[in-house]
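Chemist: Here it is, the structure in full.
Computed from the coordinates by the stated procedures, all read-outs in this text should not be read as laboratory data. From a predicted model like this one, the values you see are computed outputs, not experimental measurements. Note that each Cβ is placed from the backbone with ideal geometry, even for glycine, and that neighbours are counted across all protein chains shown.
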Amino acid sequence: MKTAQSLCYVCDDKGRTMAVQVPLDIWRQIEPLARSVLCGKPAVAETPEPIQAFDEFLQHWDFRYPYSPAVVCPVCNASTQDWRMGDVRPFRLVNANFGGLLVFRCKQCDTTIRQKHFRDHVALEHSVHG
Ligand SMILES: [Zn+2]
């Protein structure tokens, strides 16, 4: 474990600290965190999808039709046959509720898409952000 003694404070001719030099091996360790601070982006990736809640949703499935994993964005027409598949998935699951609600976020246009599952049909709703 390196200590703060590895840091080198760069001073001007009046002795005021102007910058801090960090050894490259330490910089490599802190770079993702430092960049997130400098760029104003969160250090961690987006919150994980609620897959466990989705599994509960499927386990409680007692509707009169099979579950369809297809999702369509009514705003930008992005679509997928199965939101769980593919390298570039156009939708993120943001909420799941075993009562029948699934909420997706369109990665392309940020629209929120709600699939409300009822006994005989699915009701679709969406709301646009921004
Ligand atoms: Zn969209």
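Chemist: Counting only C-alpha contacts under 8 Å and six or more residues apart, can you give the relative contact order of the chain as a whole percent?
Modeler: Computed value for the chain: 15 percent relative contact order.
Chemist: Give a residue-ordered list of calculated ³J(HN,Hα) values for the stretch 20-35 (Karplus: 6.51 cos²θ - 1.76 cosθ + 1.60, θ = phi - 60°; whole Hz; x for Gly, Pro).
Modeler: 10, 9, 10, x, 4, 5, 6, 4, 4, 6, 9, 4, x, 5, 4, 5
Chemist: Continuing with the same structure: Check the chain for me: any Cys whose beta-carbon has no other cysteine beta-carbon within less than 4.7 Å?
Modeler: Cys8, Cys11, Cys39
Chemist: Considering the convex hull of the alpha carbon atoms of the chain, report its projected area averaged over all viewing directions, in nm², one decimal.
Modeler: For the chain, the mean projected area of the Cα convex hull comes to 13.1 nm².
Chemist: Then there's this: Would you mind giving the three semi-axes, in whole Å and largest first, of the ellipsoid equivalent to the stretch 51-127 according to its Cα gyration tensor?
Modeler: Rounded to whole Å, the semi-axes are 20, 13, 11.
Chemist: Of Val10, Ala78, Leu33, which is farthest towards the positive pole of the chain's charge dipole, taken about the Cα centre with +1 and -1 on the beta-carbons of Lys, Arg and Asp, Glu respectively?
Modeler: Val10
Chemist: Which order do the peptides 102-108, 29-35, 50-56 come out in when sorted by mean C-beta neighbours inside 10 angstrom, highest first?
Modeler: Order by mean packing, descending: 102-108, 50-56, 29-35.
Chemist: Moving on to the next point. When the Cα centres of the stretch 12-29 and the stretch 65-117 are compared, how far apart do they sit, in Å?
Modeler: So the two Cα centres are separated by 47 Å.
Chemist: Using Cα pairs closer than 8 Å and at least 6 residues apart in sequence, work out the relative contact order for the stretch 51-127, in percent.
Modeler: 26 percent
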